[in-house]
Every structure is written in C-alpha cells, then in structure tokens.
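Below is one structure, written out as structure tokens, with a few remarks after it.
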Amino acid sequence: MSVGIAIMGLLVGGLVGITGVGGAALLTPILMFLGISPSIAVGSDLMYNSITKFFGAIQHSRQKTVRWDIVRQLAMGSIPGAATAVVTLQFCQSIFHYQEKFMKVSLGYVLIFTACLTLFQALFYLKAKVLEDKIKTKTKVSITIILGFVLGFIVGLTSVGSGSLFAIAMLFMYRILPSQLVGTDIVHAFFLVTISALLHAGIGKVDFLLVLNLIVGSVPGVIIGSKVAAVIPTKALKIIVTLIILVSGFKLLS
C-alpha cells in the first residue's frame, strides 16, 4: 500500500507540475476512491499540502513576489472560516453522526464548482481580469475578508480550493502581476492549510504515514512535471485534468 500511495503521489505531483491544477482537487477524491475515509483523506491532504507549500512560500517570499496586504486580508477571513468548519464537524451533533457522508457530498459539490471555475479561468482569463476595476478599495477589502471566510470554510471542510479558488478570487478582486498572483496565493495557502491541518490533527483526522508516502512520491513528480511543462503545450492537458476533476465530483455525489 505504501508503494502504491507513493506512485499515486508521483502521478498526481507530475500532473500538478505540468498543468498547475490544484493537487487537493486531484488527490483527495483519489484517496477516497481507494477506500480511505473522507475525514482522514481531507485531514491528511491538508497536512501534505502544508508541507509542500512551505517550500514554495519561502521561495516566493525571498523573490519578493508576495502581496502581503492581500495575504493579510484573506487570512483575516479564511483562517476563522477554516476553524469554523472543523469546529462544526466536531461539535454539531446533527452533522457529526453523518460526518463522513456530509464531507463526501460537500467535496463532490466543491470539486464541481472548482472545476467549472478553473475551466472558466483557462478559457476566459482576459475577460476575468477587468472586473476588479469596478470595486472601490474599502469595499474590496471588506469583500476580500468575507470571501476569505467562505472559501476558508470550504478548504477546512474539504481540503480543496486553497490555491485554485483563492487565485480566481484574486483575479476578480485585484489587478496583480502573474508572479505576484502565484506568490501571494501560495503564501496565503500555506498559512491556511497549516492551520487547517493542525486543527484536523487535533481531532485525530491525519494519517501521518499516509502523508509521508505521498510526499515521497509527489516531490519528484512535481519536479519532473515542471520540466515536462517547459517542452509540451499544457493548456489542453489542463482542461482534460479539470474535466477529470469534474467527473470525480459527480461520481462522489452518485
């Protein structure tokens, strides 16, 4: 099983390196299809993401490609949102008795939503960028915090969206350089998934051996995928992977 998980991590890491499509959107449903409970899959994926995003966050911080003002505003909403999700799962009895089914269905809807937004970004990127000019600065800050809370809740509940959903939100809210978009997204995601992972670990929902096996496979996978991305067209492959995520979402709802 360890070898199989490592190979799966290698494949997922390779696809992430080539297409940039979020690893959680690929990894969490695969873990569930392999028979791992939704709560363990989500918690372990968050811990895995925390470790992998740490190195990216350090690099972008050194490169000064981080908009710390946006990171702060998003975190003001997203971290309380993630904490609310975990507390809800742990203490609301009406949900707790059906926690696994609730998380599975929630993940299905979030995957479908994320896939649709990712397809929109890939096909209509230029149209999305101009919308941020219509929002006033003070209103933009308030909306950013509120949106951060909602998306943080989604991440805390399903592990999906710490990168893709927030990146798309920033495209609509801020006129930002591509390098800053990536750097800001990764740094914020690191803080969000780390807090979320620790909260899930606190309620015993992280399989650390599973996390280790995933890292062993995914690190070389991302490196190989990133090198392959430099020599092959990736837009079509990104769309294909996103469609796979969309199908996975519908499968979880069936």
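The values are calculated or read from the model by the stated rules, or taken from the named source; none is laboratory data. Keep in mind that this is a model prediction, so the values were computed, not measured. As a convention, Cβ positions derive from the backbone with ideal geometry for all residues, glycine included, and neighbour counts pool all protein chains shown.
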Total residues in segment 29-58, condition at pLDDT below 85 and more than 19 Å from the chain's Cα centre (by Cα): 1
Residues of segment 190-209 satisfying the condition of being surrounded by fewer than 24 Cβ atoms within 10 Å (Cβ to Cβ) and among the aromatic types (Phe, Trp, Tyr): 191, 208
Number of positions in segment 13-28 that are under 15 Å from residue 216 (Cα atoms) and modelled with pLDDT of 80 or more: 1
Subset tally (residues that are in a helix (DSSP H, G or I), of a type outside the set (Gly, Ala, Ser) and surrounded by fewer than 19 Cβ atoms within 10 Å (Cβ to Cβ)) for segment 52-75: 9
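If you check 162, 218, which single one turns out to be in a helix (DSSP H, G or I), buried (at least 22 other Cβ atoms within 10 Å of the Cβ) and hydroxyl-bearing (Ser, Thr, Tyr)? Full working, then the answer.
Details: 162 fails: in a helix (DSSP H, G or I).
It is 218.
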Any hit, segment 172-184, residues being out of contact with any His (no Cβ under 6 Å at 6 or more places or on another chain), in a helix (DSSP H, G or I), over 20 Å from residue 60 (Cα atoms) and free of Cβ contacts under 8 Å to residues at least 40 places away in the same chain: no
